[in-house]
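Note sheet for the following structure.
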Amino acid sequence: MTASDFDLELEDLWKRSAGRLMAAEVFDAAAFTSLLRYLAGKAEAIKAEHVVSKQVLHCILWAVKALEGGRSLPAEAMPLTSELYMLLDLIAIGEAPSDRKPGVPRVK
């Protein structure tokens, strides 16, 4: 599987989390957690690639849009937007969440 191949599992996770929130206004914390975990793994797999799948970018950006959609969401939804933006930042610089260790200085 290359970085640009369509990922059916990612599509399913996005539909169960952000897609459901946008369509039915139902927030499922477990579905968003699963989406974030999967995207973190995807970031790990593609961090050395020079090409990033449009599907990955779409899933992150539209998940953020779903969360910022103006509905009243539970407090547990609040940090998800920041985590998704951080993940997008890491992908853009060729890193993954596993590269960031709390309390450890980053020296390159």
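Brief remarks follow.
- Among the candidates 9, 25, 49, the residue that is surrounded by fewer than 15 Cβ atoms within 10 Å (Cβ to Cβ) and on the phi > 0 side of the Ramachandran plot is uniquely 25.
- Residues of the range 2-54 that turn out to be of a type in the set (D, E, K, R) and touching an Asp or Glu at 6+ places or on another chain (Cβ under 8 Å), as a count: 4
- Among the residues of the range 28-44, the ones that are over 9 Å from the mean Cα position of the chain (by Cα) and loosely packed, with under 13 Cβ neighbours inside 10 Å come to 1 in all.
- The set of residues from the range 20-44 being in a helix (DSSP H, G or I) and free of Cβ contacts under 8 Å to residues at least 40 places away in the same chain comprises 20, 23, 24, 30, 31, 33, 34, 35, 37, 38, 41, 42.
- Hey, residue 89 more than 14 Å from the chain's Cα centre (by Cα), within 26 Å of residue 7 (Cβ to Cβ) and among the acidic types (Asp, Glu) or not: no
- Residues satisfying the stated conditions in the range 87-105, i.e. out of contact with any Lys or Arg (no Cβ under 7 Å at 6 or more places or on another chain) and surrounded by 14 or more Cβ atoms within 10 Å (Cβ to Cβ): 87, 88, 90, 91, 97
- Within the range 63-75, considering residues that are surrounded by fewer than 16 Cβ atoms within 10 Å (Cβ to Cβ) and at pLDDT 90 or above, the one farthest from residue 43 (Cα to Cα): 74
- Restricting attention to the range 52-97 and to residues that are of a type outside the set (A, V, I, L, M), outside any helix (DSSP H, G or I) and in contact with a Ser or Thr (Cβ under 9 Å, 6 or more places away or on another chain), the residue that is farthest from residue 39 (Cα to Cα) turns out to be 68.
The values are calculated or read from the model by the stated rules, or taken from the named source; none is laboratory data. Here the structure is a predicted model, which means the values were calculated and not measured. So basically every Cβ, Gly included, is an ideal-geometry build from the backbone, and we count neighbours across all protein chains shown.
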